[in-house]
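A.B. asks: Sharing a structure here in structure tokens format.
The values are calculated or read from the model by the stated rules, or taken from the named source; none is laboratory data. Predicted model, so just to flag it, every value in this text is computed and none were measured. Here the Cβ positions follow ideal geometry from the backbone for every residue, glycine too, while neighbour counts run over all protein chains shown. When the accessible area is computed, the model is the full protein with side chains, heavy atoms only, and any ligands, DNA or RNA have been set aside. Shrake-Rupley method; radii C 1.70, N 1.55, O 1.52, S 1.80 Å.
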Amino acid sequence: MTAAIVSLDHVNKWYGPHHVLQDVSLEIGKGEVVVICGPSGSGKSTLIRTINALEPIRDGKLLLNGVDVHGKGTDLNKLRQSVGFVFQQFNLFPHMSVLDNVTFAPIRIQKRPRAEAEALARELLAKVGLAEKADSFPGFLSGGQQQRVAIARALALQPPVILFDEPTSALDPEMVGEVLQVMKSLARDGMTMVCVTHEMGFAREVGDRIVFMDQGRIVVDTTPELFFDAPDHPRIKRFLSDVKGEH
Amino acid sequence: MDFLLPADQMALLLGGVRTTVLLFAIAWVIAFALAIALVVIRATDYRPCRWFVDAFVAYHRNVPLLVQVMFWYFGMPELLPETIRFWLYDHNAEFCFAVIALALGSAAYQAEDIRSGLRAIPATQFEAARALGCSYLETMRYIVVPQALRISLPPLVGRALLLFKNTSIAMAIGVAELTYRTREIENLTFKTFQIFGIATVLYLIGTFSLMALGSWIERRTTPGRKEHRNA
Amino acid sequence: MLEIIQDYWLTFLIGQYPNGPLGGLAMTLIVAVLSILMSFPIAIGLAVARSSTWRWLRLASACVVNFVRGIPLLMLIFWCYFVIPIMTGYAVSGFWTLVCALTIYEASYLSEVIRAGIASIPKGQTEAARSLGGSYMLTVRSVVLPQALFNVLPGITSQFISTIKETSLGYVIAVNELTFAANQINNQLLTQPLQVFTILAVIYFLLCFLLSRGLSAIETSIRRKRGLL
């Protein structure tokens, strides 16, 4: 494995009395696609939100590109520019056009020239198949389209790694495919990705590793082949049958 | 209280407080009753009724209260029969007209608050009650009105506060309420800060008491308040 | 009534101007627009302070707002009338007294409206801006406030209408505005108060009614453009 882009070392987190992340250690290398799954309440969303410091941690060490994310002197705004984040609820800015959503960070945060930012944004929108929607407002787009714009927005900072927090869970079933398609093409381009998702087809097809969490702990960290074909843990078996039951 | 104001001036000021409280209390009772009447009239299917209520509300929302007060005090007596007019002038006409103007203005706003509270109740609540066999009146009495009142309560408390503060406008036509008396004593004594300070504190006592009353009622009428407190 | 309008329409509109001071409807509008423009930044400051994570800042803002909302506007006008000259050492005109009082009063009410707007913005919006590396100030300025202010446009409109109506209290400290002009006309005519005050009410009504309709039409068209309807 090459040098880790993301590395968690004995990370612990509590919500009040609840120990939501218990001694979590994880290394993610460049170009890897890591799928994090597990029953609801297992701490997977919390885990991914600690990676760009949307959630604070109690102790342990979390490095992103070698920078201590939860360190005292860390410039979070600078750090977050080097990691994309895609939310379950898209969280597009409804008062801005699609193009302005994508150019927001390059222009307002990185202070890049508008022309350059817009050219990049149009390129990214084409990549997610929404070139013609550049001047629409998010309110006119379907959920699937909004999530694709959100991915383009996260890519606009050209981050070396991108985090997905249940990107398809808020979508109607018929729109899940289009978002997964975009994610798969990203994976094929060699993007480093960490995905919290219940989409086991996606996990099997493009995942390099599956991390299974339960009750705040990483239970298994393995390859998709081993995870799906020879699940050796009763909780994984139950989880897989539950997920199948959903569809 | 002698160290604040001489007794005679204090008496004058407290008389003003009494008038302010009376203006507020009488106007509020009339306004609330009228507001409910307006909501009921507005709910009928008869179009002229709805137009009348809408026009009433629009007038009172878009014309300054001071102008409404002046309109009643200076303009209205022309339309009244002489006997009534003279009777009014003998019986504190300023006070009566101020109450009328304050009550009508507040009624228009309160009617709007109650109506939006009613509209916030989903039709399914009504249907659910009817499906259980409640009559129209039972449905309103047990299901719709209690929920609507709870939603309307915060804005209604806000309206009451505004009404209380707006009683000060009655000074413009010579009603001897708190602000009027404050000015009067200030003119006599030139103890500007002292007298305005006292009046301000008195008004704050009034508004904060109303706020406290409002949140007390709100707490009393919120279902599941015990669970909330324990959570 | 038509005669009064014929004889006095100019007085209703601009007071004694150009032979005397500007007054009437023109003065009402100047006071209202000036007050709302001045109160807006203060209101935003108070609202942001009240939504901040610093306790003492929230508390200070809450105290100011509740104090001002707890007293009648007339009281505030009198306070400004007496206090500003003592504090500044200058005699201040009724015009500026009224503008100051209205600015303070409206800033408090407006800040409550804006605070509700800020509270209505989902947490995901700030998280999205922060996850892109935006600073707190940038997030407030370009993501939270634009949406919050837009969401509470109806409330802002109604505060503006309130301000127009409240300028009438300038009458009490002899500011030469619309209500003052009407009273002057009434004093000249002596016998037709009903007509004069009807005209006065109609002017206010048309102004406020048309303005609120116009502003809400603009809001609806923006909403439609953004796909929010």
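A.B. asks: With the other protein chains left in place, how much accessible area per residue, in square angstrom, belongs to chain A at a 1.4 angstrom probe?
C.D. replies: Details: 10460 Å² over 247 residues.
Result: 42 Å² of accessible area for each residue.
A.B. asks: Using only Cα atoms and rounding to the nearest 10 degrees, what angle (0 to 90) does helix A:234-246 make with the longest principal axis of chain A?
C.D. replies: 40
A.B. asks: If amide H atoms are built 1.01 Å from N in the plane of the peptide, which residues on other chains or at least 5 residues away come under 5 Å of the amide H of A:R112?
C.D. replies: Answer set, sorted by chain and number: A:I107.
A.B. asks: Still on this model: Roughly how big is the B-C contact, given as buried accessible area in Å² (both sides, 1.4 Å probe, nearest 100)?
C.D. replies: Values: alone 13830 and 12890 Å², together 23560 Å².
For chain B against chain C, roughly 3200 Å² becomes buried.
A.B. asks: Report ³J(HN,Hα) in whole Hz for each residue of region A:139-147, in order, from the Karplus equation J = 6.51 cos²θ - 1.76 cosθ + 1.60 where θ = phi - 60°; Gly and Pro get x.
C.D. replies: My calculation for region A:139-147 gives x, 8, 9, 6, x, x, 5, 4, 5 Hz in order.
A.B. asks: What value, in deg cm²/dmol to 500, does the helix sum -39500 (n - 2.57) over DSSP H runs of n ≥ 4 give at 222 nm once divided by the residues of chain A?
C.D. replies: Values: 9 runs with 89 residues, N = 247.
-10500 deg cm²/dmol, from helical runs alone.
A.B. asks: Here's another thing I want to ask about it. For chain C, what does -39500 (n - 2.57) per DSSP helix run (n ≥ 4), summed and divided by total residues, give at 222 nm, in deg cm²/dmol to the nearest 500? Could the numbers behind the result be given before it?
C.D. replies: Numbers: 10 runs with 173 residues, N = 229.
Computed ellipticity for chain C at 222 nm equals -25500 deg cm²/dmol.
A.B. asks: Could you tell me the calculated FRET efficiency between A:A119 and A:K78, based on Cβ-Cβ distance and R0 = 25 angstrom, to the nearest 0.05? Each step should come with its number before you reach the end.
C.D. replies: On the way: r = 24 Å, r/R0 = 0.96.
According to the calculation, E is roughly 0.55.
A.B. asks: Starting at the first residue of region A:53-59, write each ³J(HN,Hα) from the Karplus equation 6.51 cos²θ - 1.76 cosθ + 1.60 with θ = phi - 60°, in whole Hz, x for Gly and Pro.
C.D. replies: Listing the rounded values in order: 6, 5, 10, x, 10, 7, 8 Hz.
A.B. asks: Between the helical axis of C:153-166 and the dominant principal axis of chain C, each derived from Cα atoms, what acute angle in degrees is found, rounded to the nearest 10?
C.D. replies: With both axes taken from Cα atoms, the answer is about 30 degrees.
A.B. asks: Also, quick follow-up: To the nearest 0.05, what FRET efficiency results for C:S216 and A:R58 with a Förster distance of 45 Å applied to their C-beta separation?
C.D. replies: Numbers: r = 50 Å, r/R0 = 1.11.
Efficiency at R0 = 45 Å is approximately 0.35.
A.B. asks: Next up: Taking the Cβ-Cβ separation of B:L137 and B:H91 as r and a Förster radius of 30 Å, what is the calculated FRET efficiency to the nearest 0.05? Show your work: numbers first, answer last.
C.D. replies: Details: r = 41 Å, r/R0 = 1.35.
Calculated value: 0.15.
A.B. asks: Tell me the mean residue ellipticity at 222 nm calculated for chain B from its helices only (DSSP H runs of n ≥ 4, each -39500 (n - 2.57), averaged over every residue, nearest 500).
C.D. replies: Mean residue ellipticity, 222 nm, calculated: -25500 deg cm²/dmol.
A.B. asks: Of A:K133/C:K225; A:K44/A:K237; A:K127/C:K123, which sit over 21 Å apart, Cα to Cα? Show your work: numbers first, answer last.
C.D. replies: On the way: A:K133/C:K225 14 Å; A:K44/A:K237 18 Å; A:K127/C:K123 29 Å.
In this structure, A:K127/C:K123 exceed 21 Å between Cα atoms.
A.B. asks: Between region B:81-136 and region A:68-124, what is the C-alpha centre distance in whole Å?
C.D. replies: Value for the Cα centre distance between the two parts: 53 Å.
A.B. asks: When a/c reaches 1.5 or more, the comparison of a/b and b/c decides; with that in mind, is chain A rounded, prolate or oblate per its Cα gyration tensor? Working shown, then result.
C.D. replies: Values: a/c = 1.86, a/b = 1.32, b/c = 1.41.
Here chain A falls in the oblate category.
A.B. asks: Separate question: How far apart, in nanometres, would the label points at B:S116 and C:R55 be if each is projected 7 angstrom from Cα along the Cα-to-Cβ direction?
C.D. replies: Between B:S116 and C:R55, the label points sit 3.4 nm apart.
A.B. asks: Something else: Rounded to the nearest 5, what is the percent of antiparallel bridges among the DSSP beta bridges in the protein assembly as shown? Spell out each step's value before the answer.
C.D. replies: On the way: 21 of 38 bridges.
For the protein assembly as shown, the DSSP antiparallel bridge percentage is about 55.
A.B. asks: Keeping every protein chain present and rolling a 1.4 Å probe, give me the accessible area per residue for region C:14-166 in Å². Could the numbers behind the result be given before it?
C.D. replies: Details: 6370 Å² over 153 residues.
Normalised by residue count, the accessible surface of region C:14-166 is 42 Å².
A.B. asks: Further question: So who's got an amide H within less than 5 Å of the one on A:G84, skipping anything under 5 residues away but keeping other chains? H placed 1.01 Å off N, in plane.
C.D. replies: Amide H neighbours of A:G84: A:V161, A:I162, A:L163.
A.B. asks: Which residues, if any, in region B:192-216 have at least 40 Å² less accessible area in the whole protein complex than in the isolated chain, probe 1.4 Å?
C.D. replies: B:F193, B:F196, B:T200, B:Y203, B:L204
A.B. asks: Mark the label point 7 Å from the Cα of C:E3 along Cα→Cβ and return the residues of region C:185-217 whose backbone N is within less than 17 Å of it.
C.D. replies: C:185-199
A.B. asks: On to the next question. At what distance in angstrom do the alpha carbon centres of region B:1-62 and region C:57-85 lie from each other?
C.D. replies: 23
A.B. asks: Carbon and sulfur together cover what percent of the accessible area of the protein assembly as shown at a 1.4 Å probe radius? Before the final figure, lay out the partial values.
C.D. replies: Numbers: 20140 of 32950 Å².
Roughly 61 percent of what the probe reaches on the protein assembly as shown is carbon or sulfur.
A.B. asks: May I pose another question? I'd like the Karplus ³J(HN,Hα) series for region C:205-218: coefficients 6.51, -1.76, 1.60, θ = phi - 60°, whole numbers in Hz, and an x wherever there's a Gly or Pro.
C.D. replies: 4, 4, 4, 5, 5, 5, 5, 5, 4, x, 5, 6, 5, 4
A.B. asks: At 30 angstrom or more along the helix axis (alpha-carbon based) and mean Kyte-Doolittle of 0.0 or higher, what helices does chain B contain? Whole DSSP H runs only.
C.D. replies: Values: long enough: B:7-43 (53 Å, 1.90); B:93-119 (39 Å, 0.69); B:192-221 (43 Å, 0.92).
Long hydrophobic helices here: B:7-43, B:93-119, B:192-221.
A.B. asks: Pull out a ≥ b ≥ c, the square roots of the eigenvalues of the alpha-carbon gyration tensor of chain C, then state rounded if a/c is under 1.5, prolate if not and a/b is larger than b/c, and oblate in the remaining case. All intermediate terms of the calculation are to be shown ahead of the outcome.
C.D. replies: Values: a/c = 3.10, a/b = 1.70, b/c = 1.83.
Verdict is oblate for chain C.
A.B. asks: Now a separate question. Taking a ≥ b ≥ c as the square roots of the Cα gyration tensor eigenvalues, with a/c under 1.5 meaning rounded and otherwise prolate when a/b beats b/c, else oblate, which class fits chain B? Walk me through the numbers before you get to the answer.
C.D. replies: Working: a/c = 3.21, a/b = 1.49, b/c = 2.15.
Since a/c reaches 1.5 but b/c is at least a/b, the shape of chain B is classed as oblate.
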